[in-house]
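**Q** What follows is a single structure, and I will ask about it in a moment.
The values are calculated or read from the model by the stated rules, or taken from the named source; none is laboratory data. Small disclaimer: the values here were computed from a predicted structure and weren't measured. Cβ sites come from the backbone with ideal geometry, for glycine too, and all protein chains shown count toward neighbours.
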Amino acid sequence: MIPKRIFISRPIEESGKTLKAFASHGGQLSSISMVRFEPVAFELPEVFDLVFFSSIRAAEFFLKQHPAPSVQYACAGLETAEKLNIKHQITCDFIAPLAGNPQESANVFRDWLGDRRVFFPKSEQSLNSYSSVIPDHLKIERVVYKTNSKPQQIKPCDLYIFSSPSNVKAFLEMNVIPSDAKCVAWGASTASYLNDHDISVFHQLKTGTLSELDDFLIGMLTPNDRHEI
């Protein structure tokens, strides 16, 4: 049976088809990001071969200051690749196979990169999952945006879906997760942060896509529930 009240740390337009249907049929959904972002001015490096975007947000803040230079592009996950293609007509030559497992995907990227020089636009709170495996002489890193907490109180829920460690951090500033609630983590980094704060992870998304989240939520439904939404 699907939970009666669900929280996801994303705005409703980025929550997927199943949660939108859940809310439109009277389900109690709190779809709220607990963080906000602001740009940071940065200089474009003189020499680099490709840009790696760890998220569509990093891409947006990069491209606002420096419209797509003529280099190769790589990114962490299919969802980011699709948005880059649709919004900015950018095609990625490398797409991380498992966005929810950055450690494994980072090693795949390192092997693919070879001896080329990569530029990483990032947040000041970046975990540097991909850049940390790249030798210093083959990488350039720049902070292009800042992540700030905007916590708010949320009514107790049955299911919590956290999209990033920064969202978990902000959420816990004003909230406590009920002992009988279930938590879904958007990838290994979020799962690790939850575990570090003694919060059990019921399910971890591996590919980091909305379709994966939809499939997981549909799997929680009984046949009658599926018919209703």
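**Q** Quick check on segment 35-61: of everything there that is aromatic (Phe, Trp, Tyr) and assigned to a loop (DSSP other than H, G, I, E, B), which residue is farthest from Gln152 (Cα to Cα)?
**A** So, considering only residues that are aromatic (Phe, Trp, Tyr) and assigned to a loop (DSSP other than H, G, I, E, B), the one farthest from Gln152 (Cα to Cα) is Phe48.
**Q** If I ask for residues that are crowded, with 16+ Cβ neighbours inside 10 Å, more than 19 Å from Lys146 (Cβ to Cβ), in contact (Cβ under 8 Å) with a residue 40 or more places away in the chain and of a type in the set (A, V, I, L, M, F, W, C), which ones from segment 44-93 would you list?
**A** The answer is Phe48, Leu50, Val51, Phe52, Ala74, Ala76, Leu78.
**Q** Could you run through segment 117-134 and say how many residues are of a type in the set (Ser, Thr, Tyr) and assigned to a helix (DSSP H, G or I)?
**A** 2
**Q** Another question, then. So in segment 94-120, with the set limited to residues that are crowded, with 16+ Cβ neighbours inside 10 Å and under 15 Å from the mean Cα position of the chain (by Cα), which one is nearest to Lys206 (Cα to Cα)?
**A** Gly100
**Q** Within segment 11-42, count every residue that is closer than 13 Å to Asp214 by Cβ and in contact (Cβ under 8 Å) with a residue 40 or more places away in the chain.
**A** 8
**Q** Please work out which residue is nearest to the chain's Cα centre (by Cα), limiting yourself to segment 1-33 and to residues that are of a type outside the set (Lys, Arg) and in a strand (DSSP E or B).
**A** The residue in question is Ile8.
**Q** Please work out if His227 is modelled with pLDDT of 95 or more, surrounded by fewer than 14 Cβ atoms within 10 Å (Cβ to Cβ) and more than 18 Å from the chain's Cα centre (by Cα).
**A** The answer is no for His227.
**Q** Based on what the data block shows, is Phe42 under 16 Å from Glu124 (Cα atoms), touching a helix residue (DSSP H, G or I) at 6+ places or on another chain (Cβ under 6 Å) and modelled with pLDDT of 95 or more?
**A** no
**Q** Let me ask something else. Could you check segment 3-20 and list, in sequence order, the residues that are more than 30 Å from Ile134 (Cβ to Cβ) and crowded, with 16+ Cβ neighbours inside 10 Å?
**A** The answer is Pro3, Arg5, Ile6, Phe7, Ile8, Ser15, Gly16, Thr18, Leu19, Lys20.
**Q** Moving on. Out of all the residues in segment 135-143, is one or more under 26 Å from Phe42 (Cβ atoms), in a loop (DSSP other than H, G, I, E, B), in the same structural domain as Glu43 (by TED's automatic domain parsing) and of a type outside the set (Phe, Trp, Tyr)?
**A** Yes: segment 135-143 contains one or more residues that are under 26 Å from Phe42 (Cβ atoms), in a loop (DSSP other than H, G, I, E, B), in the same structural domain as Glu43 (by TED's automatic domain parsing) and of a type outside the set (Phe, Trp, Tyr).
**Q** Can you tell me which residue within segment 62-89, out of those that are under 18 Å from the mean Cα position of the chain (by Cα) and outside any helix (DSSP H, G or I), is nearest to Gln103 (Cα to Cα)?
**A** The selected residue is Ala76.
**Q** A follow-up question, please. Which residues, taken from segment 167-189, are modelled with pLDDT of 95 or more, part of a helix (DSSP H, G or I) and either surrounded by 19 or more Cβ atoms within 10 Å (Cβ to Cβ) or in contact with a Pro (Cβ under 7 Å, 6 or more places away or on another chain) (or both)?
**A** Asn167, Val168, Ala170, Phe171 - these are the residues of segment 167-189 that are modelled with pLDDT of 95 or more, part of a helix (DSSP H, G or I) and either surrounded by 19 or more Cβ atoms within 10 Å (Cβ to Cβ) or in contact with a Pro (Cβ under 7 Å, 6 or more places away or on another chain) (or both).
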